[in-house]
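Here's the structure, in structure tokens; my notes come after.
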């Protein structure tokens, strides 16, 4: 039979690398490229494969501050917002409906450049469902745009000659009809 | 992240979510985009899978005319009437021909028969066009046909019956894209008399209605000892008394075999029956009724009919005073969904439905 003192010691050991008392939610600390430090709830942080692998693979202590040099603070704010919501809705009955409503709000006032930055971050942090969502949002945005718009957005150079371009275009003139006549 | 351009694999991932029309346009963005979109079979497969799962595959109606030409219409848009919605197709390098017959389509790949003898695979969206080996038929008419796929092996199958009407002889053959070859089929065919030429593809089999009031199916995966299989129509189906009905097979929403039935002479409504459980006779139920709300005042009847998921497209003949007008009609569940387009030039031969994809038969 163990003494109360021994019990407490063994509880401390079992509570994990953070060394806190068992029932306090675990936090993971990261530092963004622009120097800001964020505390993430463990369940939200574990949605990001990159973070999960960093801590799990070599059993790194949660006391370690993980550097996310490729992520800016505003981007991480957005990522946390999405993943927290996702985790919250995940097991609910109206998951799809509520997620859709949230998604629509989330991208509502985002510029295409913002979406591109977030896709880069989602790719880097390896959050599959967030990556799919952002890519889909970008695709929806560009689907009725013209060729020049897409070149500018992705920073792609036109390496066709005038002739080659015209030839490619005349192969399927129907694809160049009924486009958004707008906005850069 | 700082002002970086996206890595290629991320751009490709974004492109995967786009519909085919946008992608074809973006082949003009750069040579790299052109190559990714048109020359990468993995990209084509990913794009198709995503669109298929999201149910955003664009559905089109392809029809051939004796003029000769191939045109297509958007099946998803409400209006058939707009001339601008007609897409004229150019075949890259077709052989000289009088007739072109679309045999069917699967996953966006269409198979065309020229003058009943030369067969090509064609993707109307990408323009990819490739001749199939010669089926080796005697020079006769292609009478019965169908296209399908065995998804497990990504094997496209083309089934063709060539008929010598004078001697009442039939030759049957099936093409496998995986084997890259035709196989002559030794199969009893004489007992059948199909109501339509085009086989309906479902569950890796082709289906036709036979005049003896049953469905005859051919399983595309058969390797040897090929035979047809029969399926029964609903009980009491033809209980119309003195009325004469026309029946057409199709596939309804959700992937069920469906049957459209209308009165032969100028009926203005069509009943759609659906086989809830494949192969189970008692699972046939009359699901809905489509009203053709503005039939022409003159005499008319249905010619070829395509039963689609929730609508029906029919070519109709209108008997005007000394001529026959032809029109394409789309009949939907709601009155507003009924759209028609009348044309008077040429003879319309055949219609098939196809989806837009970037897929092709690989070498």
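So the values come out like this:
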| quantity | calculated |
| --- | --- |
| Failed item in (1) farther than 26 Å from residue B:51 by Cβ; (2) surrounded by fewer than 17 Cβ atoms within 10 Å (Cβ to Cβ); (3) more than 7 Å from chain B (Cβ to nearest Cβ), with residue A:165 passing the rest | (3) |
| Checklist (1) surrounded by fewer than 17 Cβ atoms within 10 Å (Cβ to Cβ); (2) more than 8 Å from chain A (Cβ to nearest Cβ); (3) touching a helix residue (DSSP H, G or I) at 6+ places or on another chain (Cβ under 8 Å) applied to residue B:50, failing item | (1) |
| Among residues of the stretch B:134-162, those that are farther than 22 Å from residue B:354 by Cα and part of a loop (DSSP other than H, G, I, E, B), counted | 7 |
| Residue that is within 14 Å of another protein chain (Cβ to nearest Cβ), in contact (Cβ under 8 Å) with a residue 12 or more places away in the chain and surrounded by fewer than 14 Cβ atoms within 10 Å (Cβ to Cβ), where the choices are A:146, A:180, A:159 | A:180 |
| Filtered residues of the stretch B:5-41 (kept if assigned to a loop (DSSP other than H, G, I, E, B), more than 7 Å from chain A (Cβ to nearest Cβ) and more than 30 Å from the chain's Cα centre (by Cα)) | B:7 |
| Search result, residues across the stretch B:89-112 that are part of a strand (DSSP E or B) and in contact with a helix residue (DSSP H, G or I) (Cβ under 8 Å, 6 or more places away or on another chain) | none |
| Residue ranges of strands (runs of 3 or more DSSP E) in the stretch A:16-110 with at least 3 members touching a helix residue (DSSP H, G or I) at 6+ places or on another chain (Cβ under 9 Å), surrounded by 14 or more Cβ atoms within 10 Å (Cβ to Cβ) and on the phi > 0 side of the Ramachandran plot | none |
| Set B:57, B:70: member being assigned to a strand (DSSP E or B), more than 12 Å from chain A (Cβ to nearest Cβ), within 30 Å of residue B:135 (Cβ to Cβ) and at pLDDT below 95 | B:70 |
| For residue B:52: the one exception among (1) in a loop (DSSP other than H, G, I, E, B); (2) at pLDDT 90 or above; (3) closer than 30 Å to residue B:196 by Cα | (1) |
| Residue check for residue B:256: surrounded by fewer than 13 Cβ atoms within 10 Å (Cβ to Cβ), at pLDDT 70 or above and touching a strand residue (DSSP E or B) at 6+ places or on another chain (Cβ under 8 Å) | no |
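Conditions tested, residue by residue: (1) touching a strand residue (DSSP E or B) at 6+ places or on another chain (Cβ under 9 Å); (2) away from chain B (no Cβ under 14 Å).
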| position | (1), (2) |
| --- | --- |
| A:50 | yes, no |
| A:57 | no, yes |
| A:61 | no, yes |
| A:64 | yes, yes |
| A:81 | no, yes |
| A:85 | no, yes |
| A:90 | no, yes |
| A:96 | no, no |
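The values are calculated or read from the model by the stated rules, or taken from the named source; none is laboratory data. All values reported here derive from a predicted model rather than from experimental measurement. As a convention, Cβ positions derive from the backbone with ideal geometry for all residues, glycine included, and neighbour counts pool all protein chains shown.
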